[in-house]
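To keep things clear, I will list the structure first and then write my remarks on it.
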Amino acid sequence: MTKVGISLFGGYIPYIRLDRGVISKIWGRPSIGGERSVANNDEDAITMAVEASRNCMGPQGIDAVDGLFFATTSAPYKEKMNASLIATAADLKREITTTDFAHSLRSGTGALKAAFDSVKSGSLANVLVVASDCRLGYPRSDQEQTFGDGAGAVMVSGENLSATFEGGYSISNEMMDVWRNPEDTFVRTWESRFILGEGYLNHMKEVVSGLLRKCGLDPKAISKAILPAPDIRSHKNLAKQLGFDINTQVQDPLLSNVGHCGSAHPLLMLVNALEEASPGDLLLLATYADGADAMLFKVTDRIEKMKNQRRMKDYLREKTLLSSYARFLSYKGLVETAPGEPFRLMPSATVSWRDRKCILRCHGSRCNECGKTTFPVQRVCYHCNAKDSFDEVPISHLKGEVFTFTLDNLAGRSDDPVVVQTIADLGEDKIRFYGMMTDCDPSEVKIGLPIRLTFRRIYDGAGMHNYFWKCRPVRNGRSE
Amino acid sequence: MGSIKDQVAIVGMGCSKFGERWDKGPEDLAIEAAYEAYEDAGISKENIEACWFSQVMGPVIGVSGTVAADSLKLGNIPVIRNENWCASGHIALLEACMAVASGAYDVVMALGVEKLKDTGFPGLGTGRGMHPVYEARRTSPGSFGLIAQRYFDAYGLTIDEGREALAKIEVKNHDNGSLCPKAHFHNKITVEKVLNAPVIAWPLGLFDCCGNSDGAACAIITSVEKAKDFRKDPIFLKGFGISTDAMMPHFRPGFSWTSFDALVTSSHKAYEMAGIKDPRNELDLAEVHDCFSITELLIYEDFGFSPRGKAKEDIDAGFFTRDGGLPVNIDGGLKCFGHPIGASGLRMTYEVYKQLQGKADLPERQIKNPRLGLAHTFGGPPQISAVAIFGNEKG
């Protein structure tokens, strides 16, 4: 039987966190402690998925990828293929199968299972599975504190495997415990004892026991049990009841410092586990939502070669705290922002489509005559005037530095009034890039500051989301 | 390149009061400027054979020359609208001059009108017409803030030193504007007030930015041969230069942000046609595009008024004040008039025209015996520059 498994992996956690004490203080409720991740106001499930994909593959895309499966419950577009946009921004080739998996916190593991089956059957060779979510709990609810935003990506392949897929087990169960109706902004829940006891605990125990039985394994054989959980207490209860040693056998549930990232959480925890894993480790992943999925992975020797891709620790360490609950509400679109100077030029579907190679793929042009590279693509070379003699080259992976900047108080939103207009030189060729700086404190920006590019939502208009690249400071810890 | 030096002359000009003209529409402003120009030239509208009309922001897309045609009842003559961002007024004027020089017309009008205070925005707006993605959130103060930051860094000025030099430019412009009846602002300011004003686009503060206002200005142009039929003191076009740089400078590889090719090229072309070798000493006054303080500083260097990197020394020495070696923006500039985009180039020309005739509105701001004056606008992201040089003597 053909082996399938995970060849590459990468996660993404937004730079912004909110101290849960800030939430609890506003509502006069106890804090569950720690902090939660918050997508910046220019991030959404698509942009976080692009970051995770780039971390998984390396930022340049890989020609051998012939499938991208995207899982979320918070898609920016309700009708329209979100996966196609992610594949384009991740600079994947056009001959590729893209699919959105949605509507359930099991969409991430569902996409993963579909990818294993596709590769095993020979239908696809390398499938990028990326899950990304930013869900909302009702103001004052427990979920407002426990939810987080993030994305995880793994490459499912038949060779060069870092971990092999050893088997899976699934249960389907219909119950109204956690749900959102089409018009709902916030997640609805039934009584917590019903959700956690009858729903979460019972089905997770059943699916994990079922998989262990199917594979003929004792709980002690598992190196790390990856058990996404709605809260820390349920996580501990589950691990104990399944017979795992809480100190050695259980993967960090990322609840204290990130929060539950919805459909992305199983993949994010799996990525984190792989980044910490050693050859021979057995990883058991299980996730719950209207039933449960469990999967078993065996880590290979190849994991040792993946060390330079290990970024989760950096993401967890590098952060900035959001200063107020009001800004959290505003970033989440729950209070309306004054738009600052109105942007009078609406996005145009035709312009975005025509210029997609520059706007989304971030391609510039390298002149065949004089060798100079320019962004965006120029048909007549600025330097030597050669016409239509150029190669398109990707530039989104290049490191750069700030050439000049301004802190513009006129163009920002009311919750983010300073726009850092940035001119940067990218790479050895000093390709000139103009854009906004994100994930920064404006006061830290100076000429010469090292930057990288990140894919963001720049503004909405005409019923469309308008995506483009921005600069962000290079943080020292990230292996970049 | 050919020359039209001393071939055409301005024989009449008008300029509306600039400011927040809430109760006046663009048509009213056009009438205010045009009828002053008719009177100044001693003509009536029947003498006008063609009109070059400058207006950047219309109420809708595609308004052509209707503001001029409807308000002035010019009959069935051509009204040719010009839109070249902030340089529109000058380019409309220069097109009118070229049309007369060609022999196609004897008497033409250049008219600039802008009604910014109908737009509902206190600034010039964000993302104006280029690209819905590449231009996202680009503002005018932001674009010029990029220049200031780089200039300070390139010439080793601390932020405080740089900002103080810029502040002195605005103190000078407000001092000049305080004496100019048609200006929007008449208040004098101090360096301290400029430095402590709210930040607009760091390092630029409120007083580093020009005002936003309504206004109109108008010129009547004829050939040098016919000029004496209209008046004893026509003002002659000595030279001009227009330059539109390729590609938004933001993306241009290697672009320095401390000097603009369009500024250098347009001024040099104008000097060449006018026969000027040493602008710092040969020019008697200059109206330059001070949309932001840093723009005026950059122009000092790109136009050859100051050596590269030495503008600060001239500013500190008061070289560009009303009594200095080369008075710049002696009417208060865009800073005090505001910048109704399509009107500004003609408004600056109006000041040069009056000064060269010795007819400044207040005697205390009349320069002694000027011979040559320069008017200039600079627009776009920025990338387009137009320079016109005028004199009161032929040859």
Sort out for me the strands (runs of 3 or more DSSP E) sitting completely within segment B:1-98 that have 3 or more residues that are without any contact (Cβ under 8 Å) to a residue 24 or more places away in the chain and of a type in the set (S, T, Y).
-> none
Take A:G243 and decide whether it is surrounded by 22 or more Cβ atoms within 10 Å (Cβ to Cβ) and not charged (D, E, K, R).
-> no
Are any of the residues in segment B:199-212 more than 12 Å from chain A (Cβ to nearest Cβ) and crowded, with 24+ Cβ neighbours inside 10 Å?
-> yes
Has segment B:177-192 got at least one residue that is within 14 Å of chain A (Cβ to nearest Cβ) and hydrophobic (A, V, I, L, M, F, W, C)?
-> no
Only one residue in B:L334, B:L346, B:L298, B:L263 is within 14 Å of chain A (Cβ to nearest Cβ), at pLDDT 95 or above and in a helix (DSSP H, G or I). Which one?
-> B:L298
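Listed here are the residues, each with its yes/no results for (1) more than 17 Å from B:C209 (Cβ to Cβ); (2) away from every other protein chain (no Cβ under 14 Å); (3) modelled with pLDDT of 90 or more.
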site	(1), (2), (3)
B:W85	no, yes, yes
B:V100	yes, yes, yes
B:T126	no, no, no
B:G129	yes, no, no
Pair list, Cβ under 7 Å, 6 or more apart: segment B:269-287 residue free of Cβ contacts under 8 Å to residues at least 60 places away in the same chain, other residue among the small types (G, A, S) and part of a loop (DSSP other than H, G, I, E, B) | B:R280/B:G304
Listing of strands (runs of 3 or more DSSP E) fully contained in segment A:1-85 that carry 2 or more residues being within 13 Å of the chain's Cα centre (by Cα), of a type in the set (A, V, I, L, M, F, W, C) and in the same structural domain as A:L254 (by TED's automatic domain parsing) = A:67-72
Is there a residue in segment A:71-94 that is crowded, with 24+ Cβ neighbours inside 10 Å, closer than 21 Å to A:G168 by Cα, touching a strand residue (DSSP E or B) at 6+ places or on another chain (Cβ under 9 Å) and not β-branched (V, I, T)?
-> yes
Tell me, yes or no, whether segment A:86-105 has at least one residue that is touching a His at 6+ places or on another chain (Cβ under 9 Å) and more than 20 Å from A:M295 (Cβ to Cβ).
-> yes
If you check every pair at least six apart or on different chains, which have Cβ atoms under 7 Å apart with a residue in segment A:387-411 that is within 14 Å of another protein chain (Cβ to nearest Cβ) and among the basic types (K, R) first and a residue that is part of a strand (DSSP E or B) and surrounded by fewer than 23 Cβ atoms within 10 Å (Cβ to Cβ) second?
-> A:K387/A:V380
Might you let me know whether segment B:157-168 holds any residue that is more than 7 Å from chain A (Cβ to nearest Cβ), part of a helix (DSSP H, G or I), of a type in the set (G, A, S) and under 25 Å from A:C471 (Cβ atoms)?
-> yes
Quick one: which residue in A:S53, A:S37, A:S31, A:S24 is on the phi < 0 side of the Ramachandran plot and in contact with a helix residue (DSSP H, G or I) (Cβ under 6 Å, 6 or more places away or on another chain)?
-> A:S31
Taking the residues in segment A:372-384 that are without any contact (Cβ under 8 Å) to a residue 24 or more places away in the chain and in contact with a Cys (Cβ under 9 Å, 6 or more places away or on another chain) as candidates, determine which candidate is farthest from the other protein chains (Cβ to nearest Cβ).
-> A:C384
Which of the residues that make up segment A:216-239 are closer than 21 Å to A:L267 by Cβ and surrounded by fewer than 18 Cβ atoms within 10 Å (Cβ to Cβ)?
-> A:I232
Residue satisfying condition, being farther than 30 Å from B:A92 by Cα and of a type in the set (A, V, I, L, M), within set B:I200, B:I220, B:I169 | B:I200
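Kindly indicate whether A:G427 is outside the structural domain of A:K319 (by TED's automatic domain parsing), in contact with a strand residue (DSSP E or B) (Cβ under 7 Å, 6 or more places away or on another chain) and over 17 Å from B:E135 (Cβ atoms). Reasoning before the result, please.
Numbers: outside the structural domain of A:K319 (by TED's automatic domain parsing): yes; in contact with a strand residue (DSSP E or B) (Cβ under 7 Å, 6 or more places away or on another chain): yes; over 17 Å from B:E135 (Cβ atoms): yes.
Yes.
The values are calculated or read from the model by the stated rules, or taken from the named source; none is laboratory data. Fair warning: this is a prediction, and the values are worked out from it, not measured in the lab. Ideal geometry is used to build each Cβ from the backbone, glycine not excepted, and the neighbour counts take in all protein chains shown.
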